[in-house]
Amino acid sequence: HLEERVSFATDDEIGRLATAFNAMADNLKGQERLRKQMTADIAHELRTPLTSMRSFVEAFQDGVLPPDAENLAALNEEIDRLVDLASDLKDLNVAEIGALTINSEPVALDAILSKVVRNLSPLLQEKEITVTWEPPEPGHEVTLNGDSRLLTRLFYNLIQNAYKYSEAGGSIAIRLQKSPDFVQVQIRDCGIGIPDADLPNIFERFYRADKSRSRETGGTGIGLALVKQIATLHQGSVAAESKLGQGSTFTVRLPLERQGTKKQRLPLPQS
Ligand code: ADP
C-alpha cells in the first residue's frame, strides 16, 4: 500500500492529516528503497571473499596449490574480511535503523586516541609509518560525555584508513584541540589522497574511491559510513579534505556537552 497517497483539497484538520499521512508514506517508501539497496550491496560484498575462498579450496582439492602456510594465510585473510564485514554491518545496521542507543559516560578522548595508536602500532611499524601524536599534559586531558566503545571505533576506523591509504615510510599526524564548546580531532596523512569526484561520496556505505586501487587494500566501504553515524549520534560531525597524491585530512568535531536525553537515538533514515 506504499504507493497510495491521499488526495485532498482543504487545509483544515483533514487536509493537515492527509499531508502528514503522505509524508509518512513517502518516508516508508524511502526506507523500503534503502533496505533493498542495502541488501543488494551486502550480497555483492559477500560474494567477493566467498568466491576467493572457494577458489582456494578448489585449488587445494585439485592439487593446483599446496595448502602451505602462505596459502592458508591468504585464505585466512579472506575469512577475516568476512568477519570484519559482519561486525561492521551489524553496527552500521543498528545505527541506521535508529536502534543504536549510546551510553553517556565521561570518556577521556586522549586516552582513546593513545589506545588506538598503540593497537595499530605493529601494523604502522611494519609499514614504517611515523605517527605524530602528543597526548595532552596530565591535568589537561579532554573528557566528554559519550560512548567509549563507539568513539574508539570511530578513531580506529579513521587512523586505520590513514595507515591503509599511506605508502610505506609515510607519516600520520593526529591533533586534538579543545575550545569552550567542542573538541576537534584532526587526522592527517600524506598518503594517496582521494579524487575530487569521489570526495563527496566517501561517507556513503559501500562507497570506495577508485575500485581497482581500493581492492588491493581489502576494505568494505563501511568504515566511513560508521564513522559518520557515530559522530552524528554524538551530535558531532566529520569532514574530509584531500589532494590526490598528497594526502587527506579528516576532521571530527564533538560537542563537549550534548543536548537532550541521556540515551540518544538517530532520526530514521530519509533516503
Ligand atoms: P574502506 O573499507 O574501503 O576503507 P571506508 O568507508 O573506510 O571503506 O572508506 C571509503 C573509501 O574512501 C575508501 O575505499 C578509500 O577509497 C577512501 N578513503 C578513506 N580514507 C582514506 C584516506 N585516508 N586516504 C585516501 N583514501 C581514503
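So, Glu216, is that one open to solvent by 20 Å² or more (accessible area, probe 1.4 Å), among the acidic types (Asp, Glu), more than 16 Å from the chain's Cα centre (by Cα) and modelled with pLDDT under 90 or not?
Considered against the rule, which asks whether it is open to solvent by 20 Å² or more (accessible area, probe 1.4 Å), among the acidic types (Asp, Glu), more than 16 Å from the chain's Cα centre (by Cα) and modelled with pLDDT under 90, Glu216 comes out as yes.
Of all residues in segment 148-197 being touching a Phe, Trp or Tyr at 6+ places or on another chain (Cβ under 6 Å) and farther than 28 Å from Glu257 by Cα, which is least open to solvent (accessible area, probe 1.4 Å)? Looking at the filtered set, the residue picked out is Gly191. Pairs only if they're at least six apart or on different chains, beta carbon under 8 angstrom, first in segment 231-250 and closer than 16 Å to Glu204 by Cα and polar (S, T, N, Q), second in a strand (DSSP E or B) and open to solvent by 60 Å² or more (accessible area, probe 1.4 Å); list them, first residue then second. Once the first residue is closer than 16 Å to Glu204 by Cα and polar (S, T, N, Q) and sits in segment 231-250, its partners that are in a strand (DSSP E or B) and open to solvent by 60 Å² or more (accessible area, probe 1.4 Å) give Ser237/Arg253. Taking the criterion of being open to solvent by 80 Å² or more (accessible area, probe 1.4 Å) and out of contact with any helix residue (DSSP H, G or I) (no Cβ under 7 Å at 6 or more places or on another chain), the residues of segment 48-68 that qualify are Leu50, Arg54, Glu58, Gln61, Asp62, Val64. With respect to Ala225, is the statement that it is modelled with pLDDT under 90, within 15 Å of the chain's Cα centre (by Cα), in a helix (DSSP H, G or I) and within 23 Å of Leu150 (Cβ to Cβ) true? For Ala225, the condition - modelled with pLDDT under 90, within 15 Å of the chain's Cα centre (by Cα), in a helix (DSSP H, G or I) and within 23 Å of Leu150 (Cβ to Cβ) - is met. Of all residues in segment 151-197, those satisfying the criterion of being of a type in the set (S, T, N, Q) and within 18 Å of Trp133 (Cβ to Cβ) are Thr152, Asn157, Gln160, Asn161, Ser166, Ser171, Gln177, Gln184, Gln186.
Are any of the residues in segment 50-65 under 21 Å from Asn161 (Cβ atoms), part of a helix (DSSP H, G or I) and within 25 Å of the chain's Cα centre (by Cα)? No, segment 50-65 contains no residue that is under 21 Å from Asn161 (Cβ atoms), part of a helix (DSSP H, G or I) and within 25 Å of the chain's Cα centre (by Cα).
Provide a single number: the residues in segment 184-205 that are of a type outside the set (D, E, K, R), in contact with a Gly (Cβ under 9 Å, 6 or more places away or on another chain) and under 18 Å from Thr232 (Cβ atoms). Summing the residues that are of a type outside the set (D, E, K, R), in contact with a Gly (Cβ under 9 Å, 6 or more places away or on another chain) and under 18 Å from Thr232 (Cβ atoms) in segment 184-205 gives 1.
The values are calculated or read from the model by the stated rules, or taken from the named source; none is laboratory data. Computed from a predicted structure; not experimentally measured. We place every Cβ from the backbone using ideal geometry, glycine too, and count neighbours over all the protein chains shown. Just the protein is used for accessible areas: all its heavy atoms, side chains included, with ligands, DNA and RNA removed. Shrake-Rupley method; radii C 1.70, N 1.55, O 1.52, S 1.80 Å.
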